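Peer 1: Structure below; questions to follow.
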Amino acid sequence: MLLGGPHRQFCGANFGLSVNIPRSLSGARSDGSRASEGRWRGCLVPGQLAGLDRVPGLFDPCRGHTSRRVAGRRHPRPARPNVAGPGYCPEMSFTSALDDRGSLVSKFMAAELPGLKELQAAYCAERPTGASALRPEPPEGIRLTWGTLGQAIDHRPRYAFADQDEPSPAVRAGMVLAAGGPNRTVTSAIGLAAGGLRAALADLISQERPSDRARAIPLAARAEDRLLRICYAMAWFEEVYRTGRLWPGTPLGDADRSLTTSQLLAAVPAYAVADLQAQVHLAADPLAGLRAACQPAQVRPGPVFAGSRDVGGADADMIIGDLLLEVNASANATIKREDFYQVIGYVLLDYHDAYQIGRVGLYLARFGHLATWTMPECLALLGARRDLAELRKMFADTVAPVG
């Protein structure tokens, strides 16, 4: 359903579907941690959806505007200006609600899982002491793109674990948005470059087979360089999906009609490639055992959950066997409250236990540190007084749409 009144969406002759689009702000905190997600609604060309409208938690073209209780806000905020297409109305989503201690999500976590300090202490007890973080080294005067670096390293392990040759649903959604903007000459070029990027990824995966358990995580130098450039370019498209904007200062925001896939890959900063290479090589040992124990068919990259729509969109990094794993690219060794609750929140959003998650884990990519807990261990450390099934039901009742 299209919105009327002050929140009416623009739909020209080529636009006919209302879709729900979660996002996270393209900027990142100074330590490299992720910014908040949010929710956007817009109109897309039906033919461009390419199946994304059937991905739960990403698009719901048959669903109109619904007032939500996620953070106690019952009305959408005004649409912000954007250059990625028609106007969007952002709402608060899962990670935004976790950032807001007054939200219903945060209040639920604090009431039902009050032992956060115990979980943090357990994590600190097994964390290597004195470990220093890998840090990017940009040329003097160049501003660090923490957010883009974080999204790029999120993508790279997925191809080492899962046998897939496509970008994530979030990246594909960003490609659709970026190719649907008002300047058709430019956005057509962006669409062609996006298609070329998908083809480049498929060709590289076919040739190199990075998920092959007989080989180490890092590829040969030239192949690794190309894959990392592809991951970084995909992060630019993911930023469009997360924010609804083409950001100035990026090849997409500054694109003209001559943009090509080769130009996208060449625009990836050399310092970013070097930083990502260092993180990939650091991951080789700490993730080797986890990778060897689980075949590609048992890995689900970028999973969304039954409750993802109820919180404005939520997609995790990977589920490896029974382990829900989040990759954290922060240069801060301290895991924040929101990071722990986000991982547990994903488990709670799996209302019907579709993924049969038995463990949760965090991998700190800049420290090479993997921490995992079984769900009973995690809930015990968090001071849960109810079992997981009851917590899921209560959480679903808390975040369910109103009206």
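The values are calculated or read from the model by the stated rules, or taken from the named source; none is laboratory data. Bear in mind that the values here come from a model prediction, so they are computed numbers and not experimental data. No Cβ is skipped: glycine too gets one built from the backbone with ideal geometry, and neighbour counts run over all protein chains shown.
Peer 1: Here are some residues: 278, 306, 297, 274. Which one is among the hydrophobic types (A, V, I, L, M, F, W, C) and either part of a loop (DSSP other than H, G, I, E, B) or crowded, with 23+ Cβ neighbours inside 10 Å (or both)?
Peer 2: Working: 278 fails: either part of a loop (DSSP other than H, G, I, E, B) or crowded, with 23+ Cβ neighbours inside 10 Å (or both); 297 fails: either part of a loop (DSSP other than H, G, I, E, B) or crowded, with 23+ Cβ neighbours inside 10 Å (or both); 274 fails: either part of a loop (DSSP other than H, G, I, E, B) or crowded, with 23+ Cβ neighbours inside 10 Å (or both).
Of 278, 306, 297, 274, the one residue that is among the hydrophobic types (A, V, I, L, M, F, W, C) and either part of a loop (DSSP other than H, G, I, E, B) or crowded, with 23+ Cβ neighbours inside 10 Å (or both) is 306.
Peer 1: Filter the stretch 93-130 for residues that are touching a Gly at 6+ places or on another chain (Cβ under 8 Å) and in a loop (DSSP other than H, G, I, E, B); which is nearest to residue 276 (Cα to Cα)?
Peer 2: 93
Peer 1: Moving on. Scan the stretch 329-340 and tell me whether some residue there is among the aromatic types (Phe, Trp, Tyr), on the phi < 0 side of the Ramachandran plot and modelled with pLDDT of 95 or more.
Peer 2: Just the residues of the stretch 329-340 that are among the aromatic types (Phe, Trp, Tyr), to begin with: 340.
Okay, now just the ones that are also on the phi < 0 side of the Ramachandran plot, so 340.
Now restrict to residues that are modelled with pLDDT of 95 or more: none.
No, the stretch 329-340 contains no residue that is among the aromatic types (Phe, Trp, Tyr), on the phi < 0 side of the Ramachandran plot and modelled with pLDDT of 95 or more.
Peer 1: Which of the residues belonging to the stretch 153-178 are assigned to a loop (DSSP other than H, G, I, E, B) and under 18 Å from residue 195 (Cα atoms)? Let's see the steps before the verdict.
Peer 2: In the first step, residues of the stretch 153-178 are kept if they are assigned to a loop (DSSP other than H, G, I, E, B); the result is 162-168.
Residues satisfying the conditions are 164, 165, 166, 167, 168.
Peer 1: For residue 152, which of the numbered conditions (1) modelled with pLDDT under 95; (2) under 20 Å from residue 233 (Cβ atoms) fails to hold?
Peer 2: The single condition residue 152 does not satisfy is (1).
Peer 1: Further question: If residue 211 satisfies all but one of (1) part of a loop (DSSP other than H, G, I, E, B); (2) surrounded by fewer than 19 Cβ atoms within 10 Å (Cβ to Cβ), what's the number of the condition it fails?
Peer 2: Condition not satisfied by residue 211: (2).
Peer 1: To continue, here is another question. Just one of 238, 224 is assigned to a helix (DSSP H, G or I), at pLDDT 95 or above and closer than 27 Å to residue 323 by Cα; which is it? Talk me through it step by step, then tell me what you get.
Peer 2: Numbers: 238 fails: at pLDDT 95 or above.
Result of the check over 238, 224: 224.
Peer 1: Do we find that residue 250 is buried (at least 18 other Cβ atoms within 10 Å of the Cβ), of a type in the set (Ser, Thr, Tyr), modelled with pLDDT under 95 and part of a helix (DSSP H, G or I) in this structure? Let's see the steps before the verdict.
Peer 2: Numbers: buried (at least 18 other Cβ atoms within 10 Å of the Cβ): yes; of a type in the set (Ser, Thr, Tyr): yes; modelled with pLDDT under 95: yes; part of a helix (DSSP H, G or I): no.
For residue 250, the condition - buried (at least 18 other Cβ atoms within 10 Å of the Cβ), of a type in the set (Ser, Thr, Tyr), modelled with pLDDT under 95 and part of a helix (DSSP H, G or I) - is not met.
Peer 1: Now for a separate question. Taking the residues in the stretch 367-389 that are of a type outside the set (Val, Ile, Thr) and in contact with a Gly (Cβ under 7 Å, 6 or more places away or on another chain) as candidates, determine which candidate is surrounded by the fewest Cβ atoms within 10 Å (Cβ to Cβ).
Peer 2: Initial filter on the stretch 367-389 (of a type outside the set (Val, Ile, Thr)): 367-371, 373, 375-389.
Now restrict to residues that are in contact with a Gly (Cβ under 7 Å, 6 or more places away or on another chain): 370-371, 375, 381-383.
Numbers: 370: 19, 371: 16, 375: 18, 381: 20, 382: 21, 383: 14.
Among them, the one singled out is 383.
Peer 1: Can you confirm whether residue 144 is buried (at least 16 other Cβ atoms within 10 Å of the Cβ), over 16 Å from the mean Cα position of the chain (by Cα) and within 26 Å of residue 341 (Cβ to Cβ)? Break it down into steps so the answer makes sense when it comes.
Peer 2: Values: buried (at least 16 other Cβ atoms within 10 Å of the Cβ): yes; over 16 Å from the mean Cα position of the chain (by Cα): yes; within 26 Å of residue 341 (Cβ to Cβ): no.
For residue 144, the condition - buried (at least 16 other Cβ atoms within 10 Å of the Cβ), over 16 Å from the mean Cα position of the chain (by Cα) and within 26 Å of residue 341 (Cβ to Cβ) - is not met.
Peer 1: Let me ask something additional. Which residues, counting only those in the stretch 333-366, are basic (Lys, Arg) and either buried (at least 22 other Cβ atoms within 10 Å of the Cβ) or in contact (Cβ under 8 Å) with a residue 60 or more places away in the chain (or both)?
Peer 2: 336, 337, 366
Peer 1: Now for a separate question. Can you pull out the residues in the stretch 140-158 that are of a type in the set (A, V, I, L, M, F, W, C) and either touching a helix residue (DSSP H, G or I) at 6+ places or on another chain (Cβ under 8 Å) or within 15 Å of residue 320 (Cβ to Cβ) (or both)? Let's see the steps before the verdict.
Peer 2: Initial filter on the stretch 140-158 (of a type in the set (A, V, I, L, M, F, W, C)): 142, 144, 146, 149, 152-153.
142, 149, 152, 153, listed by residue number.
Peer 1: Looking at (1) crowded, with 18+ Cβ neighbours inside 10 Å; (2) within 20 Å of residue 231 (Cβ to Cβ), find the lone condition where residue 163 falls short.
Peer 2: Answer for residue 163: the failing condition is (1).
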